[in-house]
Amino acid sequence: FSQINIVGFGCLLPFIYRAMVERRKLLTNAEFAEIFALGQVLPGPGLCNFCLIVGYRDSGALGALAAVMGAITLPALLLVLVGVFYNQYAHLDAVRDAITGMATVTGGLILATALKLSRGMHRRPKRLALLAAGFVAFGLLRLPFLAIVGVLAPLAIWLAWREGSHG
């Protein structure tokens, strides 16, 4: 996780996906999506939650600790250095332009990863309706995240349970 965080500084989802699913084949597409989703709805930083779940699953409590420490130690040190640099040079047009460019690339990487993740989804109408509802509620209506999760998560769990028990 430390190596992933250094390479994917600022936009980790695509790098974690590529390392875990495509290169090392430690997780399937479906496992990645499930663990990532769980990490996002649990309290705390989603990346740390993801690392903790994967580390624990593969190597118990010590694996969870090692994964989280790997994810945060070196990147935290780099963040301090970047913060010092930004504090000194943020007023320069070149620095502002570089940050704008990085933000654009980050959006593209996140969109590409979302499309990769969607390949593993079962495209059932009810699931697509939940996906659309979440997008509209959060992305367009800007409703509070906890309210959306509080409504849609129990509905998704209920639908999954019905599909599992009724074919």
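The values are calculated or read from the model by the stated rules, or taken from the named source; none is laboratory data. Given the structure is predicted, the values throughout are model-derived calculations rather than measurements. Using ideal geometry, Cβ is built from the backbone for each residue, glycine included, and neighbour counts are taken over all protein chains shown. The accessibility values were calculated without ligands, DNA or RNA, using every heavy atom of the protein model including side chains. Shrake-Rupley method; radii C 1.70, N 1.55, O 1.52, S 1.80 Å.
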Rg [Å, one decimal], Dmax [Å, integer] - region 46-167, C-alpha atoms: 19.9, 61
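Ignoring ligands, DNA and RNA, what percent of the accessible area of the chain is carbon or sulfur (1.4 Å)?
71 percent
Kindly report the accessible area of the chain per residue (heavy atoms of protein chains, probe 1.4 Å, no ligands, DNA or RNA), in Å².
Working: 11140 Å² over 167 residues.
About 67 Å² of surface per residue is accessible.
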Label-point separation in nm, GLU163 to ALA76, each point 7 Å along Cα→Cβ: 3.9 nm
Work out, step by step, the length gained on full extension between LEU42 and PHE135: first 0.36 nm times the residue separation, then minus their alpha carbon distance; give nm to one decimal. 31.6 nm
Go through region 69-77 residue by residue and turn each phi into a ³J(HN,Hα) via Karplus (6.51, -1.76, 1.60, θ = phi - 60°); whole Hz please, and just put x for glycine and proline. 5, x, 6, 10, 5, 5, x, 5, 5
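Taking square-rooted eigenvalues a ≥ b ≥ c of the alpha carbon gyration tensor, is region 88-153 rounded, prolate or oblate, where a/c under 1.5 means rounded and, failing that, a/b exceeding b/c means prolate?
Working: a/c = 4.22, a/b = 1.94, b/c = 2.18.
Oblate, since a/c reaches 1.5 and b/c is not below a/b.
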